[in-house]
Amino acid sequence: VFGKKLADFFIKLGYEKKLVTTFHYVDTDYYKPGVEKKPTGFKVIHIGSLKRNFCMLQEIVNACPDIEFHICQGNKDLSSYFKQNRNIKLYGYLKEPELLTLMQSCHISLNVIDDTVGSNVITTSMACGLVNVVSDVGSVRDYCSPEDSVLCKDVNDFINALYYLKNKKEVLSAKSVKARDKAMSFSIESFGKWFQQNIFSI
């Protein structure tokens with residue numbers, strides 16, 4: 001299973017001896033920081049729809065009119081949440097290269113979530129050197145720490161985190177480097193070695 005929270009759930013059901021916990025892998029050769037220097041400004045990306053809290057996301061966007069948001073809505077239509085906002089761009093389904101290019105142009109991966117076990121968005125964001133500003137729920141601390149991310153409890157935490165990182169470029173840069181470093185521990189190569197040592201030996 002991906003993440004300690006799901007592991008705890010199965011342990012309570014009596015499956016402890018049949019359980020192995022690992023973490024969501026990421027292709028760090030494909031997902032990586034862009035070659036070109038990021039543009040000046042401050043760009044925030046929000047990706048995904050599973051277990052996302054769109055009402056809270058709406059509050060955050062409304063409270064940050066001078067921050068540029070790029071919201072990947074996939075097959076959902078979130079336009080009703082953001083009718084009055086001029087600081088966002090909504091995207092439908094993006095092909096992988098398009099999504100990668102967009103991620104590489106941003107500084108923050110905003111993850112307003114109700115729960116998570118293992119998150120592809122979080123690990124790919126880290127691999128691209130994005131700083132996760134993320135809800136402190138579920139198994140998120142298996143992936144994110146204060147060194148490489150900002151963990152948030154409520155709307156005010158998110159707003160404060162975004163403006164802090166917007167104004168503290170040196171902190172943003174340091175966390176970005178740490179995020180990429182952390183992603184390497186979730187690389188496919190690391191996962192493959194772990195799998196051989198822990199699964200094939202059972």
Handout entry: Efficiency of FRET from Cβ geometry, residue 83 and residue 172, R₀ 22 Å, rounded to 0.05
Key = 0.15
Completion exercise
The Cα radius of gyration of segment 23-169, divided by 2.2 N^0.38 Å with N its residue count, comes to 0.96
Completion exercise
Non-local residues with an amide H under 5 Å from the amide H of residue 132, with H modelled 1.01 Å from N and Pro and chain starts lacking one, are 109, 150
Handout entry: Largest-first ordering by accessible area, 1.4 Å probe, given options 180, 86
Key = 86, 180
Problem - Distance between modelled label sites at residue 13 and residue 55, nm, 7 Å Cα→Cβ extension - result: 2.9 nm
Fill in the blank from the handout: Applied in sequence order to segment 96-111, the curve 6.51 cos²θ - 1.76 cosθ + 1.60 (Karplus, θ = phi - 60°) yields integer Hz couplings, x standing for Gly and Pro, of 3, x, 5, 5, 4, 4, 5, 4, 5, 8, 9, 10, 10, 9, 8, 10
Practice task
Express as a percent, rounded to the nearest 5, the fraction of DSSP beta bridges in segment 50-156 (both residues included) that run antiparallel.
Solution key: 10 percent
Exercise for the section: Please label the shape of segment 134-180 as rounded, prolate or oblate, based on the square roots a ≥ b ≥ c of the eigenvalues of the alpha-carbon gyration tensor (a/c under 1.5 means rounded; beyond that, a/b larger than b/c means prolate, else oblate). Expected result: oblate
Completion exercise
residue 189 and residue 96 label points (each 7 Å along its Cα→Cβ direction) are spaced in nm at 1.9 nm
Fill in the blank from the handout: Among 32/89; 38/169; 32/95; 43/89; 43/168, the pairs whose Cα-Cα distance exceeds 18 Å are 32/89
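Provide the packing ranking of 87-95, 56-64, 120-128, 169-177, i.e. peptides ordered by the mean count of other C-beta atoms within 10 Å per residue, highest first.
Numbers: 87-95: 13.6, 56-64: 19.0, 120-128: 25.7, 169-177: 15.1.
So the order, starting with the most tightly packed, is 120-128, 56-64, 169-177, 87-95.
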Problem - Protection proxy ranking, peptides 160-166, 140-146, 77-83, average beta carbon neighbours within 10 Å, highest first - result: 140-146, 160-166, 77-83
Exercise for the section: List every residue whose amide H lies under 5 Å from the amide H of residue 70, counting only residues 5 or more places away in sequence or on a different chain, with H placed 1.01 Å from N in the peptide plane. Expected result: 44, 45, 46, 89
Completion exercise
With every protein chain kept in place and a 1.4 Å probe, the residues 50, 130 fall, from largest accessible area down, as 50, 130
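The values are calculated or read from the model by the stated rules, or taken from the named source; none is laboratory data. Keep in mind the model is a prediction, meaning the values are calculated, not measured. Note that each Cβ is placed from the backbone with ideal geometry, even for glycine, and that neighbours are counted across all protein chains shown. Ligands, DNA and RNA are stripped out before the accessible areas are found, and what is left, the full protein with its side chains, is counted by its heavy atoms. Shrake-Rupley method; radii C 1.70, N 1.55, O 1.52, S 1.80 Å.
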